[in-house]
């Protein structure tokens, strides 16, 4: 017997993990910029934070769109 996971639940989990990785990468980029002064690291960090913000917006939109669909 396998574990049945809905596509909605998997999608929410994937968005959460992607957001956490994006924010972590952004923090790493900004921290590296503070140590090295390389503006490319700052640009990567800011871009990653922007991506994380877009993922948060997308998760809210996704949950609102599929509010009537069950998780199982």
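Output the 0 to 90 degree angle, nearest 10, between the alpha-carbon long axis of helix 39-65 and the longest principal axis computed from the alpha carbons of the chain.
The two axes meet at around 20 degrees.
When a footprinting reagent is the concern and you count Cβ atoms within 10 Å, what order do 64, 31 take, fewest first?
The order, fewest Cβ neighbours first, is 64, 31.
Along the three principal axes, how long is the chain when you take its alpha carbons, biggest first, rounded to the nearest angstrom?
Rounded to whole Å, the extents work out to 51, 29, 11 Å.
Cβ neighbours within 10 Å, averaged per peptide: list 8-17, 45-54 in order, most packed at the top.
45-54, 8-17
Compute the relative contact order of the chain as a whole-number percentage, counting only Cα pairs closer than 8 Å that sit 6 or more residues apart in sequence.
It rounds to 41 percent for the chain.
On a 0 to 90 degree scale, rounded to 10, what angle separates helix 7-36 from the longest Cα axis of the chain?
It works out to around 10 degrees.
Listing 39, 19 from the residue with the fewest other Cβ atoms within 10 Å to the one with the most, what is the order?
In increasing order of surrounding Cβ atoms, one gets 39, 19.
Quick note: the coordinates plus some simple rules give every number you see, no bench work behind them. Treat the numbers as computed from the prediction; the structure is a model and nothing was measured. Counting neighbours? That spans all protein chains shown, and the Cβs are built from the backbone with ideal geometry, glycine included.
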